[in-house]
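Asker: Submitted below is the structure of interest, expressed as C-alpha cells.
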Amino acid sequence: MKISCLQENLAKGLSVVSRAVSTRSTLPVLANVLLSTDNGRLKLSATNLEIVITCWIGAKVEDEGAITVPARTLNDLVSTLPQEQVHLALNEKTQTLHISCARTEANIKGIDAQEFPLVPEPDRNHRIRVEADVFKQMIGQVAFAAAVDDTRPTLTGVSTKFSDSQVTMAATDGFRLSVRSAHIPGHVERATNVIIPSRALNEVARVTGEDNEAIYISLPEGRNQIIFDLENVVIVSQLIDGNFPDYTPIIPKRHTTRTVMGTADFRKACKTAEIFARESSHTARVRIEPGDEITPGHAVIAATSNETGDNVAQIDASVDGGPVEIAFNVKYMADVLNVIDTPQVALETTTPMEPGVLKPVGDNDFVHIIMPMHFGR
C-alpha cells in the first residue's frame, strides 16, 4: 500500500471513525483502525463489534493494500502534523506503516488487515431514504430520553417504526418519554419496527453535516443490523433484541390546564432553578396562575436547597384552564427545552400527580411526557 492524502482530510476521517474504536476489548485488533484502498480513495474503518463506522477520504493511490494500526497512536500523530500532504507506505513483511509529512517521519507497527472483522456493505437495492436534516433533528429530540443504564436493555434504545410514508421514533427511561414523527419521501412497502441503540443514533447525528442531503437506511435480512449510508460515511449498528414497551397509553388524552410560554424564558427559568435543585433530586415546582382581567397569567418556577438557598422565577404565560402546581425534575425539563426550537412551548397538565406534556407550539410532530415528582421539604 502506498498512498498520499491531505493531513486535514486524514485527521477529519480519523475523528469520524475513532468513536467506534473499542477501548476495553480483549481483541487487540479492535483498538486499531483499518486503512485500506478503495476505488482510488482511502477507506478508514473502526469497530467495537456493536457499531462499525467507515469513512472514505480523497487520496492519491499508487499501490493498493490494507493494514490496521492503533487508532490512538495514529490519531495523536496525525493531529501534530502540518497541514500538508501525508504519505503512507506499508511494509508488508513487517506490517509497519511508514508515515511522512513535510519534515516529520514515523513508523507505526500494525496488525494484518485480515484479522479485522468483516465490514458489512449497505444494501443499495432495499433502502429507506430520509432527509438528513430532519432525521438529525429527530435524533436530537428523542435519543436524550433513552435510559443510560443496562438494567432494561430495550430502554437504552430508540423504538423506530417505518410505515407507509412516515417514520416515528420514541425513547423513554421510565421517567420521561419523547416521541417524534416525520414524513419520509417515497413509500415503505413493509412496516418495520426496530430498536436502535441511542448511542448509534447519536453517532449518526454527529457525522451528519450540512452537505448531507439524505441518509439511506437499510435493514439486511436476518442480520439484526441497521446500516446508515451518508455518502462518504457508513455506520452499521447492531439492533437491540426485545419488545419496546407500548407507550401510547402513557400519553395523556386530555388536560385541564394548557399553559403557553416563551421557550427561551421557560428554558432560562429551569436552568436557574437547576442550580438550587441539584441537592434535592433536581426537584423544582412549577406553579401555573391563570390571571384575571387585571393581571396576566404567569408561571412560577421555584427550587429550594437546604444547603445552598432557593430561587423563584416568574415568567409570562397564556393560561387556558385552572391554577395548578406540579413538581418536576427540572434537569429533565431543561433537556427537552434545549431541543425545542419553536418560539413558544405548551405545557399541558391535569393534576399534580399526573404526567405533564410538553409540545412545541405550531409543531404537531413532537411530544414529550415528563413524570411528576413528589413534593418534599
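The values are calculated or read from the model by the stated rules, or taken from the named source; none is laboratory data. Bear in mind the structure is a predicted one, so any value in this text is a computation, not a measurement. Ideal geometry is used to build each Cβ from the backbone, glycine not excepted, and the neighbour counts take in all protein chains shown.
Asker: Check R258, R254, R267, R285 and return the single one that is under 24 Å from V361 (Cβ atoms) and part of a loop (DSSP other than H, G, I, E, B). Please lay out each step first, then the result.
Answerer: Details: R258 fails: part of a loop (DSSP other than H, G, I, E, B); R267 fails: part of a loop (DSSP other than H, G, I, E, B); R285 fails: part of a loop (DSSP other than H, G, I, E, B).
Matching residue, one of R258, R254, R267, R285: R254.
Asker: Ok, one more. Find the strands (runs of 3 or more DSSP E) located wholly in segment 69-135 whose residues include 1 or more that are modelled with pLDDT of 95 or more and farther than 25 Å from I235 by Cβ, and list them. First the steps, then the outcome.
Answerer: Details: elements: 85-91, 96-101, 104-109, 128-131.
Per the criteria, 85-91, 96-101, 104-109.
Asker: M373 is checked against (1) buried (at least 16 other Cβ atoms within 10 Å of the Cβ); (2) over 28 Å from the mean Cα position of the chain (by Cα) and fails just one. What number does that condition carry?
Answerer: (2)
Residue-wise test of (1) more than 29 Å from S181 (Cβ to Cβ); (2) in contact (Cβ under 8 Å) with a residue 12 or more places away in the chain.
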position	(1), (2)
A284	yes, yes
T295	yes, no
A327	yes, yes
K331	no, yes
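Asker: Does S198 satisfy the criteria of being hydroxyl-bearing (S, T, Y), farther than 24 Å from D241 by Cβ and either surrounded by 16 or more Cβ atoms within 10 Å (Cβ to Cβ) or not assigned by TED's automatic domain parsing to the domain that holds I53 (or both)?
Answerer: The answer is no for S198.
Asker: A further question follows. Given the condition under 30 Å from N125 (Cα atoms) and either aromatic (F, W, Y) or surrounded by 15 or more Cβ atoms within 10 Å (Cβ to Cβ) (or both), answer yes or no: does some residue in segment 240-263 qualify?
Answerer: Our first condition is that a residue be under 30 Å from N125 (Cα atoms); within segment 240-263, this holds for 240-244.
Now drop any that are not either aromatic (F, W, Y) or surrounded by 15 or more Cβ atoms within 10 Å (Cβ to Cβ) (or both), which leaves 240, 244.
Looking through segment 240-263, at least one residue is under 30 Å from N125 (Cα atoms) and either aromatic (F, W, Y) or surrounded by 15 or more Cβ atoms within 10 Å (Cβ to Cβ) (or both).
Asker: Which residue out of D335, D341, D292 is surrounded by fewer than 19 Cβ atoms within 10 Å (Cβ to Cβ), at pLDDT 95 or above and either in a loop (DSSP other than H, G, I, E, B) or touching a helix residue (DSSP H, G or I) at 6+ places or on another chain (Cβ under 8 Å) (or both)?
Answerer: D335
Asker: Report the residue count in segment 101-119 for those that are over 25 Å from T26 (Cβ atoms) and either surrounded by fewer than 16 Cβ atoms within 10 Å (Cβ to Cβ) or among the β-branched types (V, I, T) (or both). Working first, answer last.
Answerer: Just the residues of segment 101-119 that are over 25 Å from T26 (Cβ atoms), to begin with: 101-107.
Now restrict to residues that are either surrounded by fewer than 16 Cβ atoms within 10 Å (Cβ to Cβ) or among the β-branched types (V, I, T) (or both): 102-107.
Residues in segment 101-119 being over 25 Å from T26 (Cβ atoms) and either surrounded by fewer than 16 Cβ atoms within 10 Å (Cβ to Cβ) or among the β-branched types (V, I, T) (or both): 6 in total.
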